[in-house]
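*Asks:* Shown below is the structure under consideration.
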Amino acid sequence: MVNGMKKIGIMGSTGSIGTQTLEIVRKYPDRLQVTALAAGSNVKLLEEQVREFEPRLAVMWTAKAAEDLRDRISDLNTAVICGMDGLLQMAALPEMDILVTAIVGMIGILPTIEAIRAHKDIALANKETLVTAGHIIMPLAKEMGVSILPVDSEHSAIFQSMQGEKKSQVSKILLTASGGPFRGKTRKDLEQMKAEDALKHPNWSMGKKVTIDSSTLVNKGLEVMEARWLFGVGLEKIQVMIHPESIVHSAVEYQDGAVIGQLGVPDMKLPIQYALLYPDRFEVPGSRPLDLFSIGRLTFEKPDMETFTGLKLAFEAAKTGGTMPAVFNAANEKAVALFLENRIRFLQIAEVIEMAMERHRVMEEPTVEQILEAEAEAHESVSKCIG
């Protein structure tokens with residue numbers, strides 16, 4: 001970092017987190033400079049981003065998409081590469097201080113490891129990285145002296161609530177959840193729910209996968225697994241609270257009984273910006289101040305894990321450890337895709353996850369290769385079951 005300017009790379013620049021990250025760059029061009037962008041298949045949007053931010057490097061997932069982008073920006077000096085090799089090259093780019101991992105899926109694990117080894121700080125928005133490989137990522141980050149800065153609103157809130165406090169004095173992490181669009185519904189109600197119903201999140205604007213995960217509470221289960229690794233606490237110290245207003249983004253209880261939390265309007269740009277500009281705070285583009293008078297009251301409920309069994313299964317997967325979290329995550333990915341295609345019902349998402357977990361033989365302390373093998377096995381198991 002030179003003269004206070006942070007050079008950033010964004011994996012997943014055309015997605016929800018990626019585009020919001022670029023809004024922050026637009027607001028603070030004197031503090032943030034884009035040096036690399038990566039996307040899956042949206043060539044048109046990545047071209048627009050490259051033309052605006054002029055990064056040194058752009059990565060597309062497929063060779064065909066990379067060739068298309070290369071033709072479109074032949075008048076620019078941005079190099080275009082592709083695939084996992086491209087992501088790994090981007091992760092170790094010398095002209096980069098911090099890598100935003102907003103890419104979806106386990107393909108984020110290897111580039112994150114590569115970036116840590118290259119002494120890059122990580123603005124973490126890729127859940128799978130810690131859910132499946134937290135036992136690898138966190139010790140490596142400590143060894144390399146690298147900061148893992150959470151981008152999820154809940155984990156950012158916990159991170160902010162622990163500033164200046166001793167981790168050893170944490171009594172409990174209070175992880176909030178909106179409850180999604182189906183809060184208060186019975187299993188009988190949920191039998192009739194379609195994808196279009198699950199995609200109507202009451203508070204947050206997110207991608208389809210994360211929105212469905214919110215409706216099943218699987219998303220909160222994944223966040224429990226992340227929190228365990230990010231903050232080095234046991235599962236027994238993590239409590240999920242349903243908070244439908246989504247104003248308290250999460251809180252930390254300390255041994256003396258004090259509870260410190262972070263409040264704000266539901267806006268992902270705040271946690272993204274906090275991770276990018278940490279430890280400084282500046283105005284967030286397009287944000288509005290929190291007006292507690294207009295909100296009036298805040299409510300909290302215990303999660304219904306008998307109706308939303310995805311959360312219960314997440315705790316079981318986390319407790320089992322080894323490759324089981326990878327199987328939980330992979331089975332959910334497959335099940336959500338099937339639900340969005342109207343091939344399974346809403347309640348079958350958790351049933352599919354449970355089936356895959358029951359069939360899996362756990363490997364302890366897995367390598368990245370074994371994690372990816374467990375993912376493939378879970379995908380195959382679900383495909384055989386559903387047909």
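The values are calculated or read from the model by the stated rules, or taken from the named source; none is laboratory data. In this text the structure is predicted, and so the values were computed from the model without any measurement. Glycine gets a Cβ as well: all are built from the backbone with ideal geometry, and neighbour counts include every protein chain shown. Keep in mind that these areas ignore ligands, DNA and RNA; they rest on the heavy atoms of the full protein, side chains included. Shrake-Rupley method; radii C 1.70, N 1.55, O 1.52, S 1.80 Å.
*Asks:* State, to one decimal in nm, how far the label point of HIS119 lies from the label point of THR62, with both points 7 Å from Cα in the Cβ direction.
*Replies:* 3.9
*Asks:* Ignoring solvent entirely, what values of log10 I(q)/I(0) come out of the Debye formula for segment 85-163 at 0.11, 0.17, 0.22, 0.26 Å⁻¹ when each Cα is a single scatterer?
*Replies:* Taken in order of the listed q values, log10 I(q)/I(0) reads -0.25, -0.60, -1.01, -1.35.
*Asks:* Tabulate in residue order the Karplus-calculated ³J(HN,Hα) for segment 20-26, using 6.51 cos²θ - 1.76 cosθ + 1.60 with θ = phi - 60°, rounded to whole Hz; enter x for Gly and Pro.
*Replies:* The phi angles translate into 6, 4, 5, 4, 5, 4, 4 Hz.
*Asks:* Aspartates and glutamates near LYS194 by alpha-carbon distance under 12 Å, same-chain residues fewer than 8 away left out - which ones?
*Replies:* Within reach: GLU341.
*Asks:* Over the chain, with the other protein chains present, what is the accessible area per residue in square angstrom, probe 1.4 angstrom? Intermediate results must be reported in sequence, preceding the final value.
*Replies:* Values: 17180 Å² over 387 residues.
Counting only protein heavy atoms, the per-residue value for the chain is 44 Å².
*Asks:* Can you give me the convex hull volume of the Cα atoms of segment 247-288, divided per residue and expressed in Å³?
*Replies:* For segment 247-288, the hull spanned by Cα atoms encloses 85 Å³ per residue.
*Asks:* Okay, moving on. How many angstrom separate the Cα center of segment 3-47 from the Cα center of segment 129-168?
*Replies:* Going from one Cα centre to the other spans 22 Å.
*Asks:* Can you give the Rg and Dmax of segment 207-273 based on its C-alpha atoms, in angstrom?
*Replies:* Values for segment 207-273 (Cα only, Rg and Dmax): 13.1, 41 Å.
*Asks:* How much FRET efficiency would the formula 1/(1 + (r/R0)^6) give for THR320 and ARG288, where r is the Cβ-Cβ distance and R0 is 41 Å, rounded to 0.05?
*Replies:* Values: r = 43 Å, r/R0 = 1.04.
In this case the efficiency is close to 0.45.
*Asks:* Another one. Using the Karplus curve 6.51 cos²θ - 1.76 cosθ + 1.60 with θ = phi - 60°, work out ³J(HN,Hα) for each residue of segment 306-315 in order, rounded to whole Hz, and write x for Gly and Pro.
*Replies:* With coefficients 6.51, -1.76 and 1.60, one gets 7, 7, 9, 6, x, 5, 4, 5, 5, 4 Hz.
*Asks:* Stokes-Einstein at 25 °C, 0.890 mPa s, Kirkwood radius from Cα pairs: D for the chain in µm² s⁻¹?
*Replies:* Working: Rh = 21.4 Å.
Calculated translational D: 115 µm²/s.
*Asks:* Nothing charged except the Cβ atoms of Lys and Arg (+1) and of Asp and Glu (-1): what's the magnitude of the dipole of segment 1-122 about its Cα centre? Round to the nearest 20 debye.
*Replies:* Values: 13 positive and 15 negative charges, 45 e Å.
That gives a dipole near 220 debye.
*Asks:* Ignoring any ligand, DNA or RNA, what whole percent of the accessible area of the chain comes from carbon and sulfur when the probe is 1.4 angstrom?
*Replies:* Working: 8400 of 17180 Å².
For the chain, the apolar C and S fraction of the accessible surface comes to 49 percent.
*Asks:* Taking 1 over the mean of 1/r across every pair of different Cα atoms in segment 46-103, what Kirkwood radius in Å do you get?
*Replies:* Roughly 11.7 Å, rounded to one decimal.
*Asks:* Bin by bin, in steps of 5 Å, what percent of the Cα pairs in segment 1-47 do you find, going until the bin that has the longest distance?
*Replies:* Distribution as computed: 5, 23, 30, 23, 12, 6, 2 percent.
*Asks:* Can you give the FRET efficiency for ALA376 and LYS200, using 1/(1 + (r/R0)^6), R0 = 45 Å, r = Cβ-Cβ distance, to the nearest 0.05? Walk me through the intermediate numbers first.
*Replies:* Details: r = 33 Å, r/R0 = 0.73.
Computed FRET efficiency for ALA376 and LYS200: 0.85.
*Asks:* Ok, one more. If amide H atoms are built 1.01 Å from N in the plane of the peptide, which residues on other chains or at least 5 residues away come under 5 Å of the amide H of THR78?
*Replies:* Under 5 Å from the amide H of THR78: no residue qualifies.
*Asks:* With θ taken as phi - 60° and the coefficients 6.51, -1.76 and 1.60, list the Karplus ³J(HN,Hα) couplings across segment 124-139 in order, rounded to whole Hz; mark glycine and proline as x.
*Replies:* 8, 10, 9, 4, 4, 4, 8, 4, 9, 10, x, 5, 9, 5, 5, x
*Asks:* Cut-off under 16 Å on the C-alpha distance; same-chain residues fewer than 8 positions from LYS302 excluded. Which aspartates and glutamates are left, in chain and number order?
*Replies:* Partners within reach: GLU236, GLU245.
*Asks:* Using the alpha carbons of segment 1-144, what is the convex hull volume per residue in cubic angstrom, as a whole number?
*Replies:* Numbers: hull volume 13.6 nm³, N = 144.
In segment 1-144, the Cα hull volume divided by residue count equals 95 Å³.
*Asks:* Also: With just the Cα atoms defining each centre, how far is segment 323-387 from segment 204-260? Give it in Å.
*Replies:* The distance from the Cα centre of segment 323-387 to that of segment 204-260 comes to 22 Å.
*Asks:* Subtracting the Cα-Cα distance from 0.36 nm times the residue separation, let me have the gained length for ASP85 to GLU341 in nm, one decimal. Kindly include the intermediate steps, with their values, before the conclusion.
*Replies:* On the way: separation 256, 0.36 × 256 = 92.16 nm, distance 3.10 nm.
Full extension from ASP85 to GLU341 adds 89.1 nm.
*Asks:* Divide, for segment 298-387, the radius of gyration over alpha carbons by 2.2 N^0.38 Å, where N is the residue count. Working shown, then result.
*Replies:* Numbers: Rg = 13.7 Å, N = 90, 2.2 N^0.38 = 12.2 Å.
That works out to 1.13 for segment 298-387.
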